[in-house]
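Engineer: Following this message is one structure expressed as structure tokens.
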Amino acid sequence: MWIALLLSLLPQNLPEVIVTQDDTVIQKSCRIRIDPGTVIADANQNGVIHIQGDDLMVIFTNGSVLRGADNGVALDQLQGTGIRVNASKRLTLRGARVSGYRCGIWATEANHMRVEGAYLSRNFAQKLRSSPQAEDSGDWLWPHDNDKQQWRTNYGAGLYVERSQDVLIHDVTAREQQNGIVLDRVMRSRVFDNDCSFLSGWGLAMWRSSDNIISRNAFDFCIRGYSHGIYN
């Protein structure tokens, strides 16, 4: 019985879902396919792909990118969420590629979720106003308030996980955006082998989170408010 179940969850055995529009609901294990050049805006600001249900495996096929805006749109103009996970237990999300949103992946009450091999790029980033001559205090991030999800709404994130436990996040890459991984009230989870570097905000940010293992990650050159030899 268990062998049959495991075989049914192999990537090649999962049904394929072609995502073409906003508010696509995923309630069964599947492979996601998005045709090249497809742009899907989050018109109602609640997520383009909605993953609902327990014990699911959702895998992006090679080359599929969930894109919310063309590359020519300024990063500070990006809005919406790419993938929305809400109250889904034991979800495995593998190989997701998300670009062009304020928040790439937003998961709430996703206990025992696994996020593997995601590539998050060109999502929201505020326009920096500092110059080589002087720093602009408007570029400062405010780390002291997040009880109303200010980090997500004001600063965006590649991956935002909240009110969850026993989450596994590994081999996630974030580039060309403000924040990489944000954990909000996440407990007893593991974050390892991720690369969220060269960002204009936080590689990893944690709010009211504890008992998590953070290991073997690269959060390098996440720089804000810096001009070489003038101010740091």
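The values are calculated or read from the model by the stated rules, or taken from the named source; none is laboratory data. Just so it is clear, the model here is predicted, and its values are computed rather than measured. Counting neighbours? That spans all protein chains shown, and the Cβs are built from the backbone with ideal geometry, glycine included. When the accessible area is computed, the model is the full protein with side chains, heavy atoms only, and any ligands, DNA or RNA have been set aside. Shrake-Rupley method; radii C 1.70, N 1.55, O 1.52, S 1.80 Å.
Engineer: In terms of modelled amide H atoms, which long-range or inter-chain residues lie less than 5 Å from the amide H of LEU78?
Structural biologist: Hits under the 5 Å cutoff: ALA125.
Engineer: Short version: ³J(HN,Hα) in whole Hz for each residue of the range 186-202, in order, from phi by Karplus 6.51 cos²θ - 1.76 cosθ + 1.60 (θ = phi - 60°), x for Gly and Pro, what are they?
Structural biologist: With the stated coefficients, the range 186-202 comes to 10, 10, 6, 10, 10, 10, 8, 6, 9, 10, 10, 10, 6, 9, 9, x, 9 Hz.
Engineer: Do any trypsin sites (Lys or Arg not before Pro) in the range 127-225 lie in a loop, going by DSSP, with at most 16 other beta-carbon atoms within 10 Å of their beta carbon, and if so which?
Structural biologist: Taking the range 127-225 and a limit of 16 other Cβ atoms within 10 Å, the loop trypsin sites (Lys or Arg not before Pro) found are LYS127, ARG129, LYS148, ARG188, ARG208, ARG216, ARG224.
Engineer: Grab the DSSP H runs of the chain that are 4 residues or longer, score each as -39,500 (n - 2.57), total them, divide by all residues and round the 222 nm result to the nearest 500 deg cm²/dmol.
Structural biologist: -1000 deg cm²/dmol, from helical runs alone.
Engineer: Sticking with this structure for a sec: First obtain the Kirkwood hydrodynamic radius of the range 40-138 from its Cα pairs, then insert it into the Stokes-Einstein equation at 37 °C and 0.692 mPa s, and state the resulting D in µm² per second as a whole number.
Structural biologist: 225 µm²/s
Engineer: Calculate what fraction, in whole %, of the accessible area of the chain sits on carbon and sulfur atoms when a 1.4 Å probe is rolled over the protein chains.
Structural biologist: 51 percent
Engineer: Please report the projected area of the range 117-212's Cα convex hull averaged over all directions, in nm².
Structural biologist: Result: 6.3 nm².
Engineer: Please give the length that would be gained between MET187 and ALA87 if that part of the chain were fully extended, namely 0.36 nm times their separation in residues minus their C-alpha to C-alpha distance (nm, one decimal).
Structural biologist: 34.4 nm
Engineer: Now, a different point. Taking a probe of 1.4 Å, how large is the accessible area per residue of the chain, in Å²?
Structural biologist: 49 Å²
Engineer: Right, here's the next one. Would you pull out the residues with amide H under 5 Å of THR92's amide H, same chain only if 5 or more places away, H placed 1.01 Å from N?
Structural biologist: LEU56, MET57, VAL58, ARG114
Engineer: Also, quick follow-up: First measure r as the distance between the Cβ atoms of ASP147 and ASP55, then evaluate 1/(1 + (r/R0)^6) with R0 = 30 Å and state the FRET efficiency to the nearest 0.05.
Structural biologist: The computed FRET efficiency comes out at 0.45.
Engineer: Turning to a different aspect of this structure: Suppose the Debye formula is applied to equal point scatterers at every Cα of the range 167-231; what is log10 I(q)/I(0) at q = 0.15, 0.18, 0.26, 0.27 Å⁻¹?
Structural biologist: -0.48, -0.64, -1.09, -1.14
Engineer: Right, something else. Can you give the extra length, in nm with one decimal, that the chain gains between SER137 and LYS28 once fully stretched, where that is 0.36 nm per residue apart less the Cα-Cα distance?
Structural biologist: 34.5 nm
Engineer: Would you rank GLU162, GLU16 by solvent-accessible area, highest first, keeping every protein chain in place and using a 1.4 Å probe?
Structural biologist: GLU16, GLU162
Engineer: Using amide H atoms built 1.01 Å from N in the peptide plane, name the residues 5+ places from ALA205, or on other chains, whose amide H lies under 5 Å from its own.
Structural biologist: Those qualifying (amide H under 5 Å, at least 5 residues apart or on another chain) are ILE181, VAL182, LEU183.
Engineer: OK, next. Hey, what did the range 144-232 get for relative contact order, percent, Cα under 8 Å, at least 6 apart?
Structural biologist: Contact order relative to length: 25 percent.
Engineer: Just to confirm my numbers, what's the Cα centroid distance between the range 23-53 and the range 126-196 in Å?
Structural biologist: Cα centroid to Cα centroid, the span is 23 Å.
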